[in-house]
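**Q** Got a structure here, written out as C-alpha cells. Questions coming.
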Amino acid sequence: MRPVLRGTTALLLISCLGGVLAASGQTKAAAPGASSPDALAPRVLLIGIDGADPRIIDRLIAAGTYPAEKVAGFEVSDRLGFHQVRSARAVSGATFPADLAAELKARFGEPVPDVAATRRRFLTDPAARISPDAAGRLEELARIHATSEFYRKILPFLQSRYRVDLLAVYFEGIDACGHLFMEDGPPKRPDVSAEDFRAFSGTVDRYYEYQDEVLGDLIRLEGRSTVSLIVSDHGFKEGDARPRTSGRADTGLAPLWHRIQGVLFVHGASARPRARLERASILDVAPTALRLLGIPLSRELPGHPFADAFAPGAFGGTAAVASYPSPKRESGEPVAADPEAVQKLMALGYLAGGGKSMAHDAEGRTASSFVNEGQARTHSGDWRGALRAFGRASDLDPRAVNALAPAAAIYIQHGQYGQAAALLDRASKIAPGNLWVLIQRSFLNLRTGRLDEAIRDFEAAKRLDDRLPGIHLLGARLENARGQFARALQDLDLAESFADSDEMRAEIFCFRAEVQIATGLTREADETLKRAAAFTPAAQLAAPKTESSSGAICHSSFRRWDERPRPSRRCARPSQPFPTPTFSGECSAPPRDAREISPGPWPLTRNPFP
C-alpha cells in the first residue's frame, strides 16, 4: 500500500520537540445524559507530525511544554515519553493538572520500547541480519514507536475527560524514522551495507502506513462540528534527491534532508470536499485554528486563515486585536542538563552553538530560539528584525555559527561587505569546514571581485555535498562571472533538479533569465520569466535594461523590496541599531548592482554581534 501521507514530517502548534498533548478552551459542561460523540468531540482537532515550527508558536503558546501550564483543560509534556532527544523524567510539572501524570500511569502504564515488535512491524525483512549501527538505530525507533502508541491510547480518554474545544497532538515518528533510515532506502547508497538495505529499504514507507493507522483512530474522535487539521512544517528528501551528507541527528547536517514542502489536510465540518489549496503556508495554521474557535486574530500574526479550504461563512465575523498578551510561565522542578540531548538537538539544527549547555536570557530564551526567529524574519523579508535576532543569539552563544552565517548573508545582499567578512572570519575560526560558511564566503568573494577565492570556497563546499540546489546556483553565478554562459545554464539545470521550494525555483528562473538576456536569448528569457511568475510575486520583478518583450527581469528572491517609482532622496538613517532597510517603497531601494555600493546605504550604528 502506498502511504497516504508520503512526504509528511513535521508540525504542531505546541512546541518543537517539547509539546506532546494539549487542549484548551472552555471545558464543556456535561449535559444530563449526554453521551453522544458530539457531546465529547472537540471543535478543532490539530494533529501534527514531528515537531512544531517556532514561527507559529510565537506569542500564542509559550515555547516548550515543560513544565506544563495551567490551562482551561489539560497539558501533557514530553516528560512522559521518549523522543529523538532524551528528556529527563520530571519530578513535577509533567502534566496539568499535576495529578494527571499519576492517573495516566495507573490507567495506561508507561511507554515501554519493544525492539522485537518494532522489528516485526517496520523492517522490510524482519529476519535480516543487521549491523551493530543499525541495531542501535532500531532501538531508537522502538522508543519513538512506544511513545506514539502511548499517545494513541491516552488521547481518547483525555478528550472524553476534559471535553475541550481545541485538542492538539504531536507525533515525531515519521521525522525520526526519516533521519534514522531514509539513508537505507532505494536506490542503495554505496555506504549502506547489503544487509542493512535488505532490512530497512522499506522501513520509512512502513512507518507512513503505521502513521496512517494512527490518524484513522484519531479522526474517529470527530463529531459533526469538528474540524481536523493535519499539518506538517517540512517533508523529507528521498531517492536521488538525498544529500550526500548524513541525515542522522548525531553525525550529519540533518536539516539538509528536509524538503521545504509539507502537507495540509482539512477534514470535517465546513471543509470543502476535494478543495485544493495553492501556496498555503504553515504561518496560516494558527490563524485558521483561532478563527475556527471564534478567537480574534492579532494583527501581529503574519499568516492568514486558509479560507479556500472551507465553505463560505465557516469563520463568521470576528474583530481583530492589536496583539496578544505574553504568556506567563511558572518555573518547574530543576532538571539537570542532558549533554546527549543538547548535542542531538544541535545536530538536528534546532539548537545553536557548540557548547554542551544552553545559555538563556532572563525570559528563558536560548540562542536557538533567536536563530529560529531570525530565520523566520529573513523568510518574511524583515532584515532588520532578523539581524537583531541573530545578534541576540550570538550574545548568548558566541560560537553560534548558524547565527553568524545567515547574518553575513543579509549583509552581503545589502552590500555591507565589511560586516559580512567579519562575521564569516569569526565563523571560519569556529567551524573551518562548515558548509554554510563556505557558501557565504564564496558568495562574498564573488560580490567583491575575488573570483579565484570564490571558486576555491565553492569547490570546497561542493566536495561536501553536490546535491544541494544552492550549490549549483552559486556555481552558475561563478560561471556567469567567468563569461561561461553555457556552463552557467547547465548549472542552473542541476539547481532546478534539486530545488524543492518556491523561493529557490524563483531565484533559479530569475537568474536563468538574466543569463539568457545577457547572451541575446530574449525569446527564451520570456519563457523563463513566465515560469518565474508562477513562483515570484510581481513586486520581485523589475524593469529590464534590454529589448526583451517581457518587460521585466527578476531580482534574487532573497531581495524583497518594492520596485515602485522612487523619490530622489535617500533613506534616512534608521534609529534602530540594525542596518537593514524596511523596503517600504517610501525611499530608494537597495542598489541592484554591487558596483553601485560604496560603502553601503545603511551604515551600522552599533554592531549587534559581540
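The values are calculated or read from the model by the stated rules, or taken from the named source; none is laboratory data. These numbers were taken from a predicted model, which means no experiment stands behind them. FYI the Cβ positions are ideal-geometry reconstructions off the backbone, even for glycines, and counts take in every protein chain you see. Surface areas here come from the heavy atoms of the whole protein model, side chains and all, with no ligands, DNA or RNA. Shrake-Rupley method; radii C 1.70, N 1.55, O 1.52, S 1.80 Å.
**Q** Do you know which of the residues in segment 102-125 that are closer than 17 Å to residue 200 by Cα and small (Gly, Ala, Ser) is surrounded by the fewest Cβ atoms within 10 Å (Cβ to Cβ)?
**A** Taking segment 102-125 and keeping what is closer than 17 Å to residue 200 by Cα, we get 115-125.
Filter again for small (Gly, Ala, Ser), leaving 116-117.
On the way: 116: 9, 117: 13.
Here the residue is 116.
**Q** Of all residues in segment 235-292, count the ones that are open to solvent by 20 Å² or more (accessible area, probe 1.4 Å), over 21 Å from residue 166 (Cβ atoms) and assigned to a helix (DSSP H, G or I).
**A** Total meeting the criteria: 3.
**Q** Just need a number here: residues in segment 370-383 that are without any contact (Cβ under 8 Å) to a residue 24 or more places away in the chain and open to solvent by less than 40 Å² (accessible area, probe 1.4 Å).
**A** Of the residues in that region, 0 qualify.
One line per residue, one yes/no per condition, for (1) modelled with pLDDT under 90; (2) under 23 Å from the mean Cα position of the chain (by Cα):
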{"residue": "402", "(1), (2)": "yes, yes"}
{"residue": "412", "(1), (2)": "no, no"}
{"residue": "417", "(1), (2)": "no, no"}
{"residue": "426", "(1), (2)": "no, no"}
{"residue": "439", "(1), (2)": "no, yes"}
{"residue": "447", "(1), (2)": "no, no"}
{"residue": "469", "(1), (2)": "no, yes"}
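**Q** Is it true that some residue in segment 483-503 is at pLDDT 95 or above, assigned to a loop (DSSP other than H, G, I, E, B) and touching a helix residue (DSSP H, G or I) at 6+ places or on another chain (Cβ under 9 Å)?
**A** yes
**Q** Counting only residues that are of a type in the set (Asp, Glu) and under 18 Å from the mean Cα position of the chain (by Cα), how many does segment 278-303 have? So that I can check it myself, show each step before the final result.
**A** In the first step, residues of segment 278-303 are kept if they are of a type in the set (Asp, Glu); the result is 278, 284, 300.
From what's left, under 18 Å from the mean Cα position of the chain (by Cα): 284.
Residues that pass the stated criteria total 1.
**Q** When residues of segment 174-183 are filtered for being of a type in the set (Gly, Ala, Ser) and surrounded by fewer than 24 Cβ atoms within 10 Å (Cβ to Cβ), how many remain?
**A** As a first pass, look at segment 174-183 and keep what is of a type in the set (Gly, Ala, Ser): 176, 178.
If we keep only those that are surrounded by fewer than 24 Cβ atoms within 10 Å (Cβ to Cβ) too, we end up with none.
Number of matching residues: 0.
**Q** Go through segment 126-164 and give me each residue that's surrounded by fewer than 21 Cβ atoms within 10 Å (Cβ to Cβ) and not in a helix (DSSP H, G or I).
**A** Matches in segment 126-164: 126, 127, 128, 129, 130, 131.
**Q** Restricting segment 58-99 to residues that are at pLDDT below 75 and not in a loop (DSSP other than H, G, I, E, B), which is least open to solvent (accessible area, probe 1.4 Å)?
**A** Residue satisfying both the conditions and the ranking: 78.
**Q** Next question, about the same structure. Report whether or not residue 470 is open to solvent by 40 Å² or more (accessible area, probe 1.4 Å), among the small types (Gly, Ala, Ser) and in contact (Cβ under 8 Å) with a residue 24 or more places away in the chain.
**A** Numbers: open to solvent by 40 Å² or more (accessible area, probe 1.4 Å): no; among the small types (Gly, Ala, Ser): yes; in contact (Cβ under 8 Å) with a residue 24 or more places away in the chain: yes.
Answer is no for this residue.
**Q** Scan (1) open to solvent by 40 Å² or more (accessible area, probe 1.4 Å); (2) more than 30 Å from residue 235 (Cβ to Cβ); (3) not in a loop (DSSP other than H, G, I, E, B) for the single condition residue 516 breaks and write down its number.
**A** (1)
**Q** Is it the case that segment 384-405 has a residue that's outside any helix (DSSP H, G or I) and open to solvent by less than 10 Å² (accessible area, probe 1.4 Å)?
**A** The answer is yes, given that some residue of segment 384-405 is outside any helix (DSSP H, G or I) and open to solvent by less than 10 Å² (accessible area, probe 1.4 Å).
**Q** Now, a different point. Looking at residue 524, is it open to solvent by 60 Å² or more (accessible area, probe 1.4 Å), at pLDDT 90 or above, farther than 27 Å from residue 262 by Cα and in a helix (DSSP H, G or I)?
**A** On the way: open to solvent by 60 Å² or more (accessible area, probe 1.4 Å): yes; at pLDDT 90 or above: yes; farther than 27 Å from residue 262 by Cα: yes; in a helix (DSSP H, G or I): yes.
Criteria met by residue 524.
**Q** So which residues in segment 300-309 are assigned to a loop (DSSP other than H, G, I, E, B), surrounded by fewer than 17 Cβ atoms within 10 Å (Cβ to Cβ) and touching a residue at least 24 places away in the same chain (Cβ under 8 Å), if there are any at all? It would help to see each step written out before you state the result.
**A** From segment 300-309, those assigned to a loop (DSSP other than H, G, I, E, B) are 300-306; that's our starting set.
From what is left, the residues that are surrounded by fewer than 17 Cβ atoms within 10 Å (Cβ to Cβ) are 300, 304.
Result: 300, single match.
**Q** Given (1) surrounded by fewer than 17 Cβ atoms within 10 Å (Cβ to Cβ); (2) at pLDDT 90 or above, identify the lone condition not met by residue 297.
**A** Of everything listed in (1) surrounded by fewer than 17 Cβ atoms within 10 Å (Cβ to Cβ); (2) at pLDDT 90 or above, residue 297 misses just condition (1).
**Q** Right, another one. Being part of a helix (DSSP H, G or I) and acidic (Asp, Glu) is the requirement here; does residue 222 meet it? Write out each step before concluding.
**A** Working: part of a helix (DSSP H, G or I): no; acidic (Asp, Glu): yes.
Taking the combined requirement at face value, the residue does not satisfy it.
**Q** Do we find a residue being under 30 Å from residue 223 (Cβ atoms), out of contact with any Gly (no Cβ under 7 Å at 6 or more places or on another chain) and modelled with pLDDT under 85 anywhere in segment 250-268?
**A** Among the residues of segment 250-268, not one is under 30 Å from residue 223 (Cβ atoms), out of contact with any Gly (no Cβ under 7 Å at 6 or more places or on another chain) and modelled with pLDDT under 85, which makes the answer no.
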